[in-house]
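Input: a single structure, listed below in structure tokens.
The values are calculated or read from the model by the stated rules, or taken from the named source; none is laboratory data. In this text the structure is predicted, and so the values were computed from the model without any measurement. Positions of Cβ are generated from backbone atoms using ideal geometry, with glycine treated the same way; all protein chains shown enter the neighbour counts.
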Amino acid sequence: MNTLVILDKDSKTKLSEDLKGKVVRTLEEKGHRIEVVELGKNDVSPCLGCLLCLTKHPGECVTKDIVNEIKKNVKKYSATFYLTPVLFGHFSSTIANVMAKGTGSHNWQVIIGFGEDIDDEEKNTFIDITAKHRGKADIVHPGMNSQVDVFVSRSIEDNTIICEALKTYAG
Amino acid sequence: MLDKDKKSICLVNGSLRGQKASSLEFLKDIERRFPDMEYNKTSLTVKAKLKESYPEDILKSIACANAIVFIFPLHNYGLPGSLMRLLEDYYQYIKVGNKYNKDAKVYMIVNCGFFRPEINEEAIRVMKNFSRRLSLNWRFAICIGTGPVVVMTKKVPFFDLKLKRAYAEMVSDIKSNSREKRDNYLIRPLIPAPILIRIKNYYEKKGQMIQRNHKPQQAKE
């Protein structure tokens, strides 16, 4: 099983590095072949909202960056994991740009937000913004399949709990 | 040169679509309701490319404003990445100790591609979280369903009264010193939902969007 892990390299903290290490280890133990892509603010151009990926050349973005390369191989992956810092209950701008362009596996996506100072309302906003509109939504956008799992980590202990949860269905 | 006796309003366009942006139309609508004689107005547009962070003059004009109005399209049920980048940079700018107006009122006008404006709810919550983090004075949102359709039909006489009322409410709230809690405005398009859904379905099919009951193929090993 090929799994892609995308993370925001501009927001590395002790918590995020611990999370990355534990997630990769957990998945490898379950037999996943992992590919980690670390992206920064200047690696990914934002979605222009031109809708040409919808109307003129389906699935293809007008801006050529690393996301286009990821999208070309998206069918290769059984799962995509996004590791993103949470600010105001939202993904980071880098991960927002990556997700808006539909880089995720069509089979299974896991979105893990992290941050030591996320409050309860931000945590709930993050969960709703990611989970509420997937699967049960009227439509599912490209790269967003019905199986989307969302977690939020605020501590090293949370990372361990998340990885334990992953073990139950990452096989 | 800013006139210190006037209220300052900062209007932030969160769309990268240039002149085609529905958000720009809504920005112009709200901007012309504030006379130049009475207000210092600054209009900003988010940027697609930045070498480092947003320039200090942009961040300063947000920090100095008495009222900040964010106008943007819904992306992925949240904020566009480019607007999120501006908020990240602004938050960082404040965190390092730069002064800002803590009494600033915060508003947003969000438009989406869906018929139901309620789908913007999480974007509102993000903006509320932003305001709370910086102790700003969150006021209310105007949520617009199917933004481009509302732009196309807003000149039809007598049909866009709710949108005009929402704009008027925003203007009067900025003028006043009221801290009373306000409700959000939900604006639906004039064109009936079944027609819009047919158009949407056409483009989704054409664009190979994945339908609700899509069964994924086995991933290639």
Of all residues in segment B:140-170, which are surrounded by 16 or more Cβ atoms within 10 Å (Cβ to Cβ) and more than 19 Å from B:LEU196 (Cβ to Cβ)? B:PHE140, B:ALA141, B:ILE142, B:ALA166, B:TYR167, B:GLU169, B:MET170
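Among residues belonging to segment A:136-171 that are among the small types (Gly, Ala, Ser) and under 16 Å from the mean Cα position of the chain (by Cα), point out the one that is modelled with the lowest pLDDT. Write out each step before concluding.
We begin by selecting, within segment A:136-171, every residue among the small types (Gly, Ala, Ser); these are A:137, A:143, A:146, A:153, A:155, A:165, A:170-171.
Now narrow it down to the ones that are under 16 Å from the mean Cα position of the chain (by Cα): A:143, A:146, A:153, A:170.
On the way: A:GLY143: 45, A:SER146: 54, A:SER153: 96, A:ALA170: 65.
By that ranking, first place goes to A:GLY143.
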Tell me, yes or no, whether segment B:7-15 has at least one residue that is among the polar types (S, T, N, Q), touching a Cys at 6+ places or on another chain (Cβ under 8 Å) and either part of a strand (DSSP E or B) or surrounded by fewer than 15 Cβ atoms within 10 Å (Cβ to Cβ) (or both). yes
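From A:LEU51, A:LEU27, A:LEU87, grab the single residue that is among the hydrophobic types (A, V, I, L, M, F, W, C) and either touching a Lys or Arg at 6+ places or on another chain (Cβ under 6 Å) or free of Cβ contacts under 8 Å to residues at least 12 places away in the same chain (or both). Full working, then the answer.
Details: A:LEU27 fails: either touching a Lys or Arg at 6+ places or on another chain (Cβ under 6 Å) or free of Cβ contacts under 8 Å to residues at least 12 places away in the same chain (or both); A:LEU87 fails: either touching a Lys or Arg at 6+ places or on another chain (Cβ under 6 Å) or free of Cβ contacts under 8 Å to residues at least 12 places away in the same chain (or both).
Only one candidate qualifies: A:LEU51.
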Pairs please, first residue from segment B:33-53 and in contact (Cβ under 8 Å) with a residue 40 or more places away in the chain and in a loop (DSSP other than H, G, I, E, B), second anywhere and buried (at least 20 other Cβ atoms within 10 Å of the Cβ) and among the polar types (S, T, N, Q), Cβ atoms under 6 Å, 6+ apart in sequence or on different chains. B:VAL46/B:SER82
B:LEU74 vs. criteria crowded, with 19+ Cβ neighbours inside 10 Å and in contact (Cβ under 8 Å) with a residue 60 or more places away in the chain: no
Just to be sure before I move on: is B:ALA166 within 14 Å of chain A (Cβ to nearest Cβ) and of a type in the set (Gly, Ala, Ser) in the structure I sent? no
Out of B:ASN120, B:ASN137, B:ASN111, sole residue that is surrounded by fewer than 19 Cβ atoms within 10 Å (Cβ to Cβ) and more than 10 Å from chain A (Cβ to nearest Cβ): B:ASN137
B:LEU16 vs. criteria at pLDDT below 95 and among the hydrophobic types (A, V, I, L, M, F, W, C): yes
Hits in segment B:75-112 (condition: assigned to a loop (DSSP other than H, G, I, E, B), under 30 Å from A:LEU39 (Cα atoms) and out of contact with any Pro (no Cβ under 8 Å at 6 or more places or on another chain)): B:ASN76, B:TYR77, B:LEU79, B:VAL96, B:GLY97, B:ASN98
Does B:GLU122 qualify as being acidic (Asp, Glu) and either closer than 29 Å to B:MET152 by Cα or not in a helix (DSSP H, G or I) (or both)? yes
Filtering segment A:92-123 down to residues that are part of a loop (DSSP other than H, G, I, E, B) and in contact (Cβ under 8 Å) with a residue 60 or more places away in the chain, which residue is farthest from the other protein chains (Cβ to nearest Cβ)? A:GLU116
Taking segment B:69-108 as the region of interest, how many residues are away from chain A (no Cβ under 14 Å) and hydrophobic (A, V, I, L, M, F, W, C)? 3
Only one of A:GLU69, A:GLU60 is within 26 Å of A:GLY31 (Cα to Cα), without any contact (Cβ under 8 Å) to a residue 12 or more places away in the chain and more than 7 Å from every other protein chain (Cβ to nearest Cβ); which? A:GLU69
So, A:THR130, is that one of a type outside the set (A, V, I, L, M), at the interface with another protein chain (Cβ under 9 Å from one of its Cβ atoms), under 11 Å from the mean Cα position of the chain (by Cα) and not in a loop (DSSP other than H, G, I, E, B) or not? yes
